[in-house]
1. Tell me the residue from Leu109, Leu163, Leu134 that is buried (at least 18 other Cβ atoms within 10 Å of the Cβ) and over 20 Å from Leu194 (Cα atoms), please.
2. Determine if the stretch 109-126 includes at least one residue that is under 30 Å from Glu32 (Cβ atoms) and at pLDDT 90 or above.
3. Which residue out of Glu169, Glu212 is surrounded by 19 or more Cβ atoms within 10 Å (Cβ to Cβ) and either of a type in the set (Gly, Ala, Ser) or modelled with pLDDT under 95 (or both)?
4. Inside the stretch 33-73, can you point out the residues that are within 17 Å of Ile13 (Cα to Cα) and assigned to a loop (DSSP other than H, G, I, E, B)?
5. Please verify whether Ala129 is under 21 Å from the mean Cα position of the chain (by Cα) and either within 29 Å of Ile13 (Cβ to Cβ) or not in a loop (DSSP other than H, G, I, E, B) (or both), treating the condition exactly as stated.
6. On the given criteria, is Glu174 modelled with pLDDT under 95, in contact with a helix residue (DSSP H, G or I) (Cβ under 8 Å, 6 or more places away or on another chain), surrounded by fewer than 18 Cβ atoms within 10 Å (Cβ to Cβ) and more than 25 Å from Ala111 (Cβ to Cβ)?
7. Given the conditions (1) modelled with pLDDT under 95; (2) part of a loop (DSSP other than H, G, I, E, B), and given that Cys182 satisfies all but one, which numbered condition is not satisfied?
8. Got at least one residue in the stretch 192-205 being at pLDDT below 95 and in contact with a helix residue (DSSP H, G or I) (Cβ under 8 Å, 6 or more places away or on another chain)?
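The values are calculated or read from the model by the stated rules, or taken from the named source; none is laboratory data. Computed from a predicted structure; not experimentally measured. Here the Cβ is made from the backbone with ideal geometry for all residues, glycine too, and neighbour counts use every protein chain on show.
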Amino acid sequence: MDVEGLAERVGGIAALAEPVRRNLYLYVAGQEQPVSRDQACAGLGIARHTAKFHLDRLVEEGLLVSSFRRLSGRRGPGAGRPTKLYQRSDRELSVTVPERRYDLAGRLLAAAIEESAGSGAPVLPALHATAGRLGRSLGRQVRAGLPPTAGPDRLLGGVAETLAGQGYEPSRQEGSLVLRNCPFHLLAQQHTGLICGMNLALLEGAAAEAGEGRLSARLDPAPDRCCVTLTAT
C-alpha cells in the first residue's frame with residue numbers, strides 16, 4: 001500500500017473516531033432521504049453549529065455528499081433559500097495492515113464464473129485467463145514507464161513499484177523479487193491451490209508483458225510471504 005493511499009483511507013476512518021461525528025454519520029446513513037442540519041440536530045439532540053461543523057467535515061472526507069433543495073417545494077421570489085442536505089456517499093473504506101485485496105480476488109472469481117457460465121468452459125482455466133489479463137495490464141503499465149533499453153535492475157524496479165501498489169510488498173534479492181505479502185492471505189490459507197494458481201497466472205501475465213521474455217514468475221511458497229517469486233532472466 002502506498003503512503004498516500006494509506007493516509008487517505010486511514011484519514012476517512014479516523015474521521016469516524018470522534019463520537020459526535022460518528023453518530024451523525026450513522027444517523028444520516030440510516031435515513032431514507034437526505035437530512036438537513038436541523039433534522040440532524042433534532043435527531044441527536046446537539047447544537048446546530050456542532051452539527052454543521054461535523055457534517056461538513058464528513059463531506060470533506062468523502063463520507064457524506066451534500067446537495068441543496070427547497071424543502072417547501074415552492075419556487076420563485078419569496079420561496080426562501082435552498083436548504084443544505086446531507087446523505088451517505090458511495091465511498092467504501094477499509095484498511096488492513098498488511099494490505100489485503102480480497103475485493104480484487106472477488107472480482108477475478110466473479111468474472112471467471114461469468115465467463116465460464118457464458119462459454120461453458122471450465123471455471124479454473126477461466127480464472128487463470130482472467131487473472132492473466134489483469135497481470136498483463138499491470139505489465140503494460142510497467143513497460144510504459146521504462147525506456148526500451150532498460151536493464152534488469154530498472155525492470156525489477158519498475159515491476160516492484162507497480163506490485164507494491166497492489167499490496168505485494170516486493171523485496172529485491174539477487175536478481176529476483178520476493179513478495180513479502182500475499183494480498184489474498186486468508187483465502188490462500190483456506191483454498192491454497194485455487195488462490196495460488198490465480199496469483200501465479202496474474203504474476204505470470206505481469207512478468208510476460210513487462211519483461212518481454214526477460215522476467216519469469218514461478219511458484220516458490222514459503223511461510224509468511226506470497227507463494228510466487230519473480231526472477232530476471
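1. Numbers: Leu109 fails: over 20 Å from Leu194 (Cα atoms); Leu134 fails: over 20 Å from Leu194 (Cα atoms).
Just a single option satisfies the conditions, and that option is Leu163.
2. Looking only at the stretch 109-126, we keep the residues that are under 30 Å from Glu32 (Cβ atoms), and these are 110.
Restricting the remaining residues to those that are at pLDDT 90 or above gives 110.
Yes, there is a match, as at least one residue in the stretch 109-126 is under 30 Å from Glu32 (Cβ atoms) and at pLDDT 90 or above.
3. On the way: Glu212 fails: surrounded by 19 or more Cβ atoms within 10 Å (Cβ to Cβ).
The match here is Glu169.
4. Glu61, Gly62, Leu63
5. When the stated conditions are applied, Ala129 does not pass them.
6. Working: modelled with pLDDT under 95: yes; in contact with a helix residue (DSSP H, G or I) (Cβ under 8 Å, 6 or more places away or on another chain): no; surrounded by fewer than 18 Cβ atoms within 10 Å (Cβ to Cβ): yes; more than 25 Å from Ala111 (Cβ to Cβ): yes.
Answer is no for this residue.
7. All conditions are met except number (1).
8. No, because not a single residue in the stretch 192-205 is at pLDDT below 95 and in contact with a helix residue (DSSP H, G or I) (Cβ under 8 Å, 6 or more places away or on another chain).
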